[in-house]
Every structure is written in C-alpha cells, then in structure tokens.
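One structure is given here, and the rest of the page talks about it.
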Amino acid sequence: QDVPRAVELMSAMISLGRMDPTLPPFTSIGTLPSADILADFEAICILSGILQPYINIRLSLSEQVTHLSHFSHILYASYQEHCRRLMPNQLYYDSQTMVKNVIINVTKQQKLDPSVCLSFLDLGDDPLELEFAFLRMTGGHNNAVNYGQAIDRLGATRDIGGVYACNPDIAHGHRRLNLSRKEGVDHISWAHWLGDTVTGHCNLPTSWLQGRKEAL
C-alpha cells in the first residue's frame, strides 16, 4: 500500500467527477447519457465523501461527520442498486463499519468528556502497523523467532515506540504513510489540524441528517 499515491489518484478522480456526464465528450449532443457513465460518476462522488474528512485540515468535526454521512448514504444507495458489481461484499461491510466506528467514538467521547478533541487520525490502525514494523526491525527482518525471542523483541518494540511518542520531532514516519509526499497536503497530524474538533461542539444528529440531505 502507498497512501500518498492513493490519495493523489483519488483526488484526480474526484476532480474528474466535477465534469457533467450529460455533456460532450461523455454524451453526444441530442442523446441520452449512458447508464454506465452515470454510474461511474456516481461512484466518484463516493470517493469525495470518504477522502475529504481525512485530508482537509480545515474541516470541523461536524463537517467531517457530514462528509461521512454523505459517503455512507451514497454508498448504501449505490450498493443496493449494483450490489457486487460496485464492490465486494467485504469492502462494503468494512466501509460502513469504518463510518460506524467514527460515530461510536464521537458519541463515547461526548459522554466521557465533551471538552476533549477527537481526531479521525487516531481511529485507524497506523500505530499497530508501526508496532509490527518495529518488531520486524528489532529481529533483523528474521521472521523465524521462538516465544522467548518474541517477548524480548516486543519489549524492545514498546521502548522504541515510546521514544518516538515522546520525541515526535525525530519520528520521520513511514514513506508510504507520510502524506507530505502528496503535493498540496502537509504531513497531517493533530498539530496541523485547523478545524474545530471538540466533541462537545459536534451535533451528531444534525451533521448526520445534513449528510443525508446532500446525498439525496
């Protein structure tokens, strides 16, 4: 996987989706647009809803939820119509589960302490991936380990992760996960986010219904 290249590709496709599929060169003058072309542009709209909440640092938490709601509703409608022709069942399930996980975490934080900020960036599995990367590094990329060696290396892995957590200035990140390679997108972290992410300032029902309205 290469996150920056994936973001660059998705951004280019989203830009293409702003074109009108009912006009040339997609549709000849005086003819009706192809159903396949309309379906393709509909699928591009799905990408916009899932990408912006994670790369647009000016979005507030409410706006992020609105984007995810828009994504979830369009994805549901498209999947109902096209089923596995749109995407595999597992991918559809994972996509909707991701949205559900965000909503649950926002709700949970609002109950625990609504004055605390919540970042979508902390809801992924990047920390776990880095943990495995450090584990592999401490063993000299030797996958053949016994139980005792694995325990020792896990301890070293935790120490390495702790050092980087306490000194983020020396953590250069993984090049395939670092969005600084994407032109126009800074390395995204808590420190760079400009939008209001205080959970108490997010009205979940309103944001969710707004996303549904935009999808319709």
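Odds and ends about this structure:
- Take 44-53, 101-110 and order them by the average number of nearby Cβ atoms within 10 Å per residue, most first; the result is 44-53, 101-110.
- Over the chain, the alpha carbon radius of gyration divided by the compact-protein estimate 2.2 N^0.38 Å works out to 1.23.
- Two-site label geometry, ASP152 and HIS82: point separation in nm, points 7 Å out along Cα→Cβ: 5.3 nm
- From most to least packed by mean Cβ count within 10 Å, the peptides 60-71, 192-203 give 60-71, 192-203.
- In this simple spin-label model, placing a label point 7 Å from the Cα along the Cα-to-Cβ direction at both PHE132 and ALA144 gives a separation of 2.2 nm.
- Taking the C-alpha atoms only, the angle from helix 61-82 to the longest principal axis of the chain is near 60 degrees.
- The angle between the Cα long axis of helix 89-112 and the main principal axis of the chain comes to about 70°, on a 0 to 90 degree scale.
None of the figures in this text is laboratory data; all of them are computed from the coordinates on show. Here the structure is a predicted model, which is why all the values come from computation and not from measurement. Cβ sites come from the backbone with ideal geometry, for glycine too, and all protein chains shown count toward neighbours.
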